[in-house]
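Presented below is the structure to which this report refers.
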Amino acid sequence: LKRGQEQLKFGGVAQAEAERRQVDLAKARAAVQSAQANADMYRAQYQRLAPAEGAAPGTSAVVTPIAGVVTQAGVTLGEVVDTARDAFTVADPARVVVLANLYGPDITRVKAGDAATVDSPIPGQPPFEGRVRSVNAALDPATNTAP
């Protein structure tokens with residue numbers, strides 16, 4: 001490009017040729033910037049997917065965006081994770097909603113706002129403490145419970 005600009009001053013190259021070279025230079029610079037951006041993106045993706053510290057090659061750490069408890073595992077050790085299904089289900093214990101049936105005689109003893117303790121379905125885990133949000137007064141005649 002520099003040589004073409006020098007030749008343009010002395011009539012050694014046409015103006016159109018000098019402009020074409022400038023366009024080619026701009027395209028080349030844009031291609032370099034694009035390649036650098038792609039390299040940065042792939043580098044970041046590799047760091048995100050790289051094996052965890054001390055882990056075997058080909059393995060990755062699975063990180064959840066929320067703190068909580070794993071309530072369901074949809075994959076097993078060594079299985080390839082498919083993006084079309086959940087690998088794990090994580091629940092925030094502070095936001096668990098429990099639906100329970102009350103027997104007819106208990107409906108009058110349980111009220112919205114009462115403290116409630118629910119045993120964990122996972123052996124060895126502490127029970128959940130919470131509050132009753134609502135009580136349905138209608139009984140199911142088949143089960144004599146209020147859902």
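The values are calculated or read from the model by the stated rules, or taken from the named source; none is laboratory data. None of these values were measured; they are calculated from a predicted model. Neighbour counts run over all protein chains shown; Cβ positions are idealised from the backbone, glycine included.
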Subset tally (residues that are part of a loop (DSSP other than H, G, I, E, B) and over 14 Å from the mean Cα position of the chain (by Cα)) for segment 69-81: 7
Per the filter on segment 59-73, residues hydrophobic (A, V, I, L, M, F, W, C) and either in contact with a strand residue (DSSP E or B) (Cβ under 9 Å, 6 or more places away or on another chain) or surrounded by 10 or more Cβ atoms within 10 Å (Cβ to Cβ) (or both) are A61, V62, I66, A67, V69, V70, A73
Counting just the residues of segment 97-126 that are exposed (fewer than 12 other Cβ atoms within 10 Å of the Cβ) and outside any loop (DSSP other than H, G, I, E, B), which one comes out nearest to the chain's Cα centre (by Cα)? T117
Return yes or no: is A44 part of a helix (DSSP H, G or I), of a type in the set (G, A, S) and at pLDDT 90 or above? no
Give me a count of the residues in segment 127-137 that are part of a loop (DSSP other than H, G, I, E, B) and either modelled with pLDDT under 85 or surrounded by 10 or more Cβ atoms within 10 Å (Cβ to Cβ) (or both). 6
Condition first: loosely packed, with under 12 Cβ neighbours inside 10 Å and without any contact (Cβ under 8 Å) to a residue 24 or more places away in the chain. Now tell me which residues in segment 74-96 satisfy that. T76, L77, G78, E79, V80, D82, T83, A84, R85, A94, R95
